[in-house]
Every structure is written in C-alpha cells, then in structure tokens.
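Here is the structure we will look at.
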Amino acid sequence: MIERSGGGNVVIVRASGNYLYNRTIDSLGKVQSVETLLINSRELADHPETAEVIRKAEMLFIAGGDQSNYMNYWRGTQTAAAINYLLNEK
C-alpha cells in the first residue's frame, strides 16, 4: 500500500478509537504525512475541510470496527463524495 501511494499523504478514517495507526503506517515506509480523521458524526462527515483532507490523500485506509457507524455517519455527506472521488476519479 505504501509503495502504491507513491510516498504521499496517507489518511486513516475511523468512527471511533484512537490514533495508533499513525505510528504503524509511518513505520512501514516513507510517506509525506499520516493523518487520522475521527469522523463520528454526520456534522463532521459533511464538513468541507474533512472532505478536502480525504480528496488530497494518495492512500486512504478505513479502519475496522462497527461498519454500520460508517454508513450512518457518512452516507450522503461530503466524506462519502470524497471517498467516491478517490475510488473513481483520482
């Protein structure tokens, strides 16, 4: 994953938890940055700055946990649109 990102910006998204993935990702190889976004509300998921961070990612990692939280928080928001942009356009 790190190689495919080209060493660019890595964004980790999660609905709960902590920021421990940052160190793990950073230890796997050289990347420009690692940032975790804790998106645990529809308000955060629909915030333009949240979507912009995701759009600029070269690698997006969606952490585990209760997947229904992702659907409840992200469906129809700018976060969902940004993820779709990464998957289909970038």
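Listed values, structure above:
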quantity: Gain upon complete extension [Met71, Arg42; 0.36 nm per residue less C-alpha separation]; calculated: 9.4 nm
quantity: Residues Ile2, Ile62, sorted so that the one with the fewest Cβ neighbours within 10 Å comes first; calculated: Ile62, Ile2
quantity: Built amide H within the under 5 Å cut-off of Ser33, gap 5+; calculated: Asn9, Val10
quantity: Using θ = phi - 60° and Karplus 6.51 cos²θ - 1.76 cosθ + 1.60, couplings along the range 63-80 (whole Hz; Gly, Pro as x); calculated: 5, x, x, 6, 5, 5, 4, 4, 5, 5, 7, 9, 3, x, 10, 5, 4, 4
quantity: Shape call, the chain: gyration tensor on alpha carbons, a/c limit 1.5; calculated: oblate
quantity: Vicinal HN-Hα couplings computed from phi for the range 46-51 (Karplus, 6.51 cos²θ - 1.76 cosθ + 1.60; Hz; Gly/Pro x); calculated: 9, 7, x, 5, 4, 4
quantity: Dipole-positive endmost among Gly7, Thr36, Ala51 within the range 2-88 (Cβ charges, Cα centre); calculated: Gly7
quantity: Computed lengthening from Leu86 to Tyr21, 0.36 nm per intervening residue step minus Cα-Cα distance; calculated: 21.4 nm
quantity: Electrostatic dipole magnitude of the chain [Cβ: Lys, Arg +1; Asp, Glu -1; Cα centre; debye, to 20]; calculated: 140 debye
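FYI, it's all coordinate maths here, none of it is from the lab. Everything quoted here is computed from the prediction, not taken from an experiment. No Cβ is skipped: glycine too gets one built from the backbone with ideal geometry, and neighbour counts run over all protein chains shown.
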